[in-house]
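Worksheet: one structure, shown below.
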Amino acid sequence: MTVEGTKKRQSESKIDQASKASRAFEKPLGGWLATFQEAIGMSAPILADRLGISRNSVYSSIEKERLGSISVNQLEKVAEAMGGKLVYAIVPRDGDIE
């Protein structure tokens, strides 16, 4: 097999793994930031302090995520401030990559 063929096969395998994993969860109605924040019991003032921003900016980030207008970079920063990590993938809508 060629190097390109091997790389393609490895990429397909990684996408298929992510696709299978993504079927186990859906985005919560209020968004992941609000859900994770509630689950760990972290108040907006504490989160704001960890991020070095205002409480209103925390609420704004949560709303932007809910609306789908937050940046991946901002999602990652907020997740890290809450002791989490952002998991990001693009997967096929249905089934495997083929």
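What are the residues in the stretch 84-98 that are at pLDDT below 95 and either open to solvent by 60 Å² or more (accessible area, probe 1.4 Å) or farther than 30 Å from LYS8 by Cβ (or both), if any?
The answer is VAL87, TYR88, ALA89, ILE90, ARG93, ASP94, ASP96, ILE97, GLU98.
Mind counting the residues in the stretch 22-73 that are farther than 15 Å from VAL87 by Cα and of a type in the set (Asp, Glu)?
Counting residues in the stretch 22-73 that are farther than 15 Å from VAL87 by Cα and of a type in the set (Asp, Glu) gives 3.
Return the pairs, sorted by first residue and then second, in which the second residue is open to solvent by 80 Å² or more (accessible area, probe 1.4 Å), the first residue lies in the stretch 58-83 and is modelled with pLDDT under 95, the beta carbons are less than 9 Å apart, and the residues are 6+ apart or on different chains.
Qualifying pairs under 9 Å: ARG66/LEU29.
Could you give me the residue pairs with C-beta distances under 7 Å whose first residue belongs to the stretch 1-26 and is over 14 Å from GLU98 (Cα atoms), whose second residue is in a helix (DSSP H, G or I) wherever it lies, and which are 6+ apart or on separate chains?
Here the result reads none, with nothing in the stretch 1-26 linked to a residue that is in a helix (DSSP H, G or I).
Only one of (1) surrounded by 16 or more Cβ atoms within 10 Å (Cβ to Cβ); (2) over 16 Å from the mean Cα position of the chain (by Cα); (3) of a type in the set (Val, Ile, Thr) fails for THR2. Which number is that?
Here THR2 clears every test but (1).
Hey, can you tell me all the residues within the stretch 67-82 that are over 23 Å from ALA18 (Cβ atoms) and open to solvent by 60 Å² or more (accessible area, probe 1.4 Å)?
Within the stretch 67-82, LEU67, SER69 meet the criteria.
The values are calculated or read from the model by the stated rules, or taken from the named source; none is laboratory data. These figures come from a predicted structure and were not determined experimentally. Cβ coordinates were reconstructed from backbone atoms using ideal geometry, including for glycine residues, and neighbour counts include every protein chain displayed. For the accessible areas, the whole protein counts, side chains as well, though only heavy atoms, and no ligand, DNA or RNA atoms are used. Shrake-Rupley method; radii C 1.70, N 1.55, O 1.52, S 1.80 Å.
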